[in-house]
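A quick write-up on the structure given underneath.
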Amino acid sequence: MSVRLFVLGVLNQRETHGYQFKELARTWNLDKWADIGYGSIYHALATLEKEGLVQAAGIEQEGGRPPRSIYRITDEGRRVFLALLREACKTSTSPKHPINLALAFILGLPPEERVALLEERLRSLEARHELVEQTRAQLRPLEKTAPAAIATVEHDLGHSAFEIRWTRALIEEVASWGRPDAPSPT
């Protein structure tokens, strides 16, 4: 859904070509916070065109560069965009977290290994948090022109801060958890 929402959202604002999508995605650092790989943009654009949600609006050629197709959103594409946007705005579910399933069975590991694995998770979370903070610093010039991009980074920072706090608290208690008689997720 993310890449479809991105492509349709951009085209809802203006006609553009594929390279401009990639440049905007890089400027916004979408690969870091929106789960959109740069390579997926062209595939999504082709799929949306086959579905009749976008259409070629013309060809652009600058200098000796190859010609580029300019795309526009169709009326049906606009309806789909608005539906995706509304769904994304009201969705409050978070992605599934592998740690939740691991916790159901973590008592099968020795206490010192539980702690070591969670400490490794904590280091990874802290490194990711640092990267998001760097992204926020890089995007600071966009505060007035792209406040939504800043809001998404702030959202990611809040999530990673929570995960760090939660993992630190879990590390403090997980070694003292006893072993169950039978596997039972609680």
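The values are calculated or read from the model by the stated rules, or taken from the named source; none is laboratory data. Note that the structure is a prediction, hence the values are computed from the model and not measured. So basically every Cβ, Gly included, is an ideal-geometry build from the backbone, and we count neighbours across all protein chains shown.
Filtering the stretch 145-158 to residues that are surrounded by 13 or more Cβ atoms within 10 Å (Cβ to Cβ) and over 15 Å from ASN29 (Cβ atoms) leaves nothing. Among the residues of the stretch 24-56, those identified as loosely packed, with under 13 Cβ neighbours inside 10 Å and not small (Gly, Ala, Ser) are ARG26, ASP35, HIS43, LYS50. Selection of the stretch 48-81 for residues being free of Cβ contacts under 8 Å to residues at least 40 places away in the same chain, β-branched (Val, Ile, Thr) and either out of contact with any strand residue (DSSP E or B) (no Cβ under 8 Å at 6 or more places or on another chain) or assigned to a strand (DSSP E or B) (or both) yields only ILE59.
Taking the listed residues ARG72, ARG79, ARG68, ARG121, the one that is assigned by TED's automatic domain parsing to the domain that holds ARG165 and modelled with pLDDT of 85 or more is ARG121, with no other qualifying. In the stretch 113-122, the condition of being within 17 Å of ASP31 (Cβ to Cβ), of a type outside the set (Lys, Arg), part of a helix (DSSP H, G or I) and out of contact with any helix residue (DSSP H, G or I) (no Cβ under 7 Å at 6 or more places or on another chain) is met by no residue. Residue pairs whose Cβ atoms lie under 9 Å apart, separated by 6 or more positions or on different chains, with the first residue in the stretch 111-126 and β-branched (Val, Ile, Thr) and the second not in a helix (DSSP H, G or I), are VAL115/ALA175.
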